[in-house]
Amino acid sequence: MTKNEMDAAEEIRAWFAGRIPDDWYTGDPEIGVDRDEILVVGEIEEPAVERGSSDEARREARLGRLERFREETRDKRIGVALAAERRFRRKVSWGAECGDVRRHFTTLSVPVMTRLRMAERSVLDTLVDAGVARSRSHALAWCVALVARRQGEWLEDLREAFTEVERVRAAGPTV
């Protein structure tokens, strides 16, 4: 990120700090910025659940709280987003986090042009053929998310598993 981009991100964060109502989040929201989008995600208060409730019950309560927050803040979020989009010439996306559950209500999906060589296309085609992704585009987005969380060894494991699946399919009965 260049100094100008860092200065712009700081300005955007400051602007949102002044515009987001104080009662929306329990602390300062995370505000991610790139050249296309501003993503605002903050932590909201957890719902009260009965002592001894199961993990599934807690998760459902958190999901309900997130949905309630989304519905109750929709009109104001739209107003803030429209003002920010005019000012910063970027789309604004929103999300919230409740306990260990994080939801993005809106996010921008931006096409990214890339040129891939045969070996790189083979990686995407393996994911599509194995049913992990719907298309090469979906496979590429999936890869980016995975690399952000892990390293590349998993893909080799998938190729080996897919080869084994193909071997088992080929040895099975024909219809």
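The values are calculated or read from the model by the stated rules, or taken from the named source; none is laboratory data. Owing to the predicted nature of the structure, the values given are computational and were not obtained by experimental measurement. Methodologically, a virtual Cβ is constructed for each residue, glycine included, from the backbone with ideal geometry; neighbour enumeration extends over all protein chains shown.
Among the strands (runs of 3 or more DSSP E) lying completely within region 1-104, list those that include at least 2 residues that are out of contact with any Gly (no Cβ under 9 Å at 6 or more places or on another chain).
Details: elements: 30-33, 37-43, 91-98, 101-104.
The qualifying strands (runs of 3 or more DSSP E) are 30-33, 91-98.
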- Which condition number in (1) in contact with a Leu (Cβ under 9 Å, 6 or more places away or on another chain); (2) of a type outside the set (A, V, I, L, M, F, W, C); (3) in the same structural domain as residue 13 (by TED's automatic domain parsing) is the one that residue 76 fails? (1)
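From 32, 42, grab the single residue that is assigned by TED's automatic domain parsing to the domain that holds residue 65 and within 20 Å of residue 72 (Cα to Cα).
When all the criteria are applied, what remains is 42.
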- Query: Looking at (1) within 17 Å of the chain's Cα centre (by Cα); (2) at pLDDT below 95, which is the one condition that is false for residue 58?
  - Reply: (1)
- Residues of region 131-143 classified as part of a helix (DSSP H, G or I) and either polar (S, T, N, Q) or exposed (fewer than 10 other Cβ atoms within 10 Å of the Cβ) (or both), total: 1
